[in-house]
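The structure appears below as structure tokens.
The values are calculated or read from the model by the stated rules, or taken from the named source; none is laboratory data. Keep in mind that this is a model prediction, so the values were computed, not measured. Virtual Cβ from ideal backbone geometry, glycine too; neighbours counted across all protein chains shown.
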């Protein structure tokens, strides 16, 4: 079963995405802060992370950097409400695999997550 970590400081988004992906046979864990995301990434070992850029405690870009240092194979899709070119470019430089903007297109999001999983399976 695919392990997905959803990181967002808005609890309703975490719960909505958790339910959405669990209904599609994903094993989902959520984190409401950057610090919680780092702990969860270490213990839960997700294959894909949906990571909000703007959070209160630890910025999503800092979480991305630390997660990729610990596990370069994990696929990280950045989620942002504001499409700021500098943040998106920084995220891509730090190893983000994609970014999507809120409001989320669930069909696009699901397809992107499945594509990231397929790319993991294709690599030796």
Where residue 15 falls short, out of the listed (1) closer than 20 Å to residue 118 by Cα; (2) in contact (Cβ under 8 Å) with a residue 12 or more places away in the chain: (1)
State all residues of segment 64-79 that are out of contact with any strand residue (DSSP E or B) (no Cβ under 6 Å at 6 or more places or on another chain) and farther than 19 Å from residue 21 by Cβ; if no residue qualifies, say none. 65, 66, 68, 69, 70, 71, 72, 73
Residue pairs, Cβ under 9 Å, 6 or more apart or interchain, first in segment 64-85 and on the phi < 0 side of the Ramachandran plot and in contact (Cβ under 8 Å) with a residue 60 or more places away in the chain, second in a helix (DSSP H, G or I) and surrounded by 21 or more Cβ atoms within 10 Å (Cβ to Cβ). List them. 79/60
Flag if residue 67 is under 24 Å from residue 115 (Cβ atoms) and either surrounded by 15 or more Cβ atoms within 10 Å (Cβ to Cβ) or at pLDDT 95 or above (or both): yes
Give segment 90-108 a look and list any residue that's part of a helix (DSSP H, G or I) and either exposed (fewer than 12 other Cβ atoms within 10 Å of the Cβ) or modelled with pLDDT under 90 (or both), or say none. 93, 107, 108
Residues of segment 43-58 that turn out to be modelled with pLDDT of 95 or more and more than 14 Å from the chain's Cα centre (by Cα), as a count: 1
